[in-house]
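Undergrad: Next up is a structure, given as structure tokens.
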């Protein structure tokens, strides 16, 4: 099992280019199931989760291959040969986002058999919102032997209200509704940029979707769709992570190929910590001048502060002067990184859904173990800031969501390398 070895306290200086967003790419991959013909997808990140999802598409009979044109890589996907409607446990257990095939399969062929999902253990992420919506659209559902079995003729439009905004729920039901008969209205829908990007692609395919970016999305069903070329938006979570790396260890990074508009809440909060952030929508500079200031953070659905950056900003607060409180409102079990940060010298106390952090003068190295994707990123930031050499185990989580993280950091001055760890029996 791979480990990352980090020699801390080496300031960062240089330029980092942000990769395509995993959380935007996965629903777009699912949307290719809606019609035959070749989709050409640009800026797809090379990640374990992407490979898992394309393996799932191939298992369904979809053709997947990479090509290069004018120095740009494309992922070419053609589901003309769609021959199966089952997403098996062996693939779905690796990644919760596999549930996203449910909506397009029901939309296109009226049946699906999808294993109940697995993924990071950061709290319950129930799929009841997906299933309730499909039932309102006329699907007949049952749970049998760990699988969701769904059948319908042509789905019918319905008014669906989410008790809480669900990103994958909104995406799944948008894809289910685009070929449904009549009009579907999604109330209290998710507003994340990744949801908007999916809706924009579906509209280019011939869908009729209005209200993207608001909490009410209206979808008028159409009879057929067409394949398109599409470019994946930049990963706002990756960008936020590297911005926070500057806060953890200093000095200055230029971050390119971003959409800073997607990071307004993050940029505002980081400026409050004392970081200097300047630039335009596509390129920003982040500088650290002086000590960090403590700030309170509450995670919220977009456009609020993202839960996927909660663990990373906790590292900054562990190094800031004063007392701060981080409140997690999205997932109930997303403080598993706290115990590992304490091993590095952080002063953090968890009370319910809040973490109370008292800043310390510095962190010290120790062997630590990652528990999930974003916790892994927080340990990397802590290792960059810590005195001595920190070894992080179970970094396979990082490979699910960060493309070439150690190479990107090493190129701007970090002392970081990957090594293979072998079990001795």
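Undergrad: For segment 1-119, which strands (runs of 3 or more DSSP E) that fit wholly inside it have 3 or more residues that are touching a strand residue (DSSP E or B) at 6+ places or on another chain (Cβ under 6 Å) and either in the same structural domain as residue 409 (by TED's automatic domain parsing) or crowded, with 16+ Cβ neighbours inside 10 Å (or both)?
TA: Numbers: elements: 2-7, 12-17, 38-42, 63-69, 72-78, 111-115.
Qualifying strands (runs of 3 or more DSSP E): 2-7, 12-17, 38-42, 72-78, 111-115.
Undergrad: Quick one: which of 163, 261 is assigned to a helix (DSSP H, G or I) and more than 28 Å from residue 62 (Cα to Cα)?
TA: The match here is 261.
Matching residues to (1) surrounded by fewer than 18 Cβ atoms within 10 Å (Cβ to Cβ); (2) in the same structural domain as residue 164 (by TED's automatic domain parsing); (3) over 21 Å from the mean Cα position of the chain (by Cα); (4) over 30 Å from residue 158 (Cα atoms):
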{"residue": "197", "(1), (2), (3), (4)": "no, yes, no, no"}
{"residue": "224", "(1), (2), (3), (4)": "yes, yes, yes, no"}
{"residue": "253", "(1), (2), (3), (4)": "no, no, yes, yes"}
{"residue": "258", "(1), (2), (3), (4)": "no, no, no, yes"}
{"residue": "272", "(1), (2), (3), (4)": "yes, no, yes, yes"}
{"residue": "286", "(1), (2), (3), (4)": "no, no, yes, yes"}
{"residue": "293", "(1), (2), (3), (4)": "yes, no, yes, yes"}
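Undergrad: Select from segment 342-352 the residues that are crowded, with 17+ Cβ neighbours inside 10 Å and out of contact with any helix residue (DSSP H, G or I) (no Cβ under 6 Å at 6 or more places or on another chain) and list them in ascending order.
TA: Residues satisfying the conditions are 343, 345.
Undergrad: Does segment 385-395 contain at least one residue that is under 13 Å from residue 312 (Cβ atoms), assigned by TED's automatic domain parsing to the domain that holds residue 248, in a loop (DSSP other than H, G, I, E, B) and in contact (Cβ under 8 Å) with a residue 60 or more places away in the chain? Step through it out loud before you land on a result.
TA: Here is the first cut: in segment 385-395, the ones under 13 Å from residue 312 (Cβ atoms) are 385.
With assigned by TED's automatic domain parsing to the domain that holds residue 248 added as a condition, the list becomes 385.
Those still in the list that are in a loop (DSSP other than H, G, I, E, B) too: none.
Within segment 385-395 (the criterion being under 13 Å from residue 312 (Cβ atoms), assigned by TED's automatic domain parsing to the domain that holds residue 248, in a loop (DSSP other than H, G, I, E, B) and in contact (Cβ under 8 Å) with a residue 60 or more places away in the chain), the answer is no, since none of the residues qualifies.
Undergrad: Of the conditions (1) over 22 Å from residue 21 (Cβ atoms); (2) free of Cβ contacts under 8 Å to residues at least 60 places away in the same chain, residue 176 fails just one. Which one is it?
TA: The single condition residue 176 does not satisfy is (2).
Undergrad: Considering each residue of segment 221-234, count those that are closer than 29 Å to residue 160 by Cα, in contact (Cβ under 8 Å) with a residue 60 or more places away in the chain and in contact with a strand residue (DSSP E or B) (Cβ under 9 Å, 6 or more places away or on another chain), and give that number.
TA: Initial filter on segment 221-234 (closer than 29 Å to residue 160 by Cα): 221-228, 230, 232-233.
If we keep only those that are in contact (Cβ under 8 Å) with a residue 60 or more places away in the chain too, we end up with 221, 224-228, 230, 232-233.
Narrowing further to those that are in contact with a strand residue (DSSP E or B) (Cβ under 9 Å, 6 or more places away or on another chain): 221, 227-228, 230, 232-233.
The number of residues fulfilling the criteria is 6.
Undergrad: Let me ask you something else. Is it the case, given these coordinates, that residue 334 is part of a helix (DSSP H, G or I), within 26 Å of the chain's Cα centre (by Cα) and not assigned by TED's automatic domain parsing to the domain that holds residue 164?
TA: Taking the combined requirement at face value, the residue does not satisfy it.
The values are calculated or read from the model by the stated rules, or taken from the named source; none is laboratory data. Everything quoted here is computed from the prediction, not taken from an experiment. Quick reminder, even Gly has a Cβ in these numbers, built from the backbone with ideal geometry, and neighbours come from all protein chains shown.
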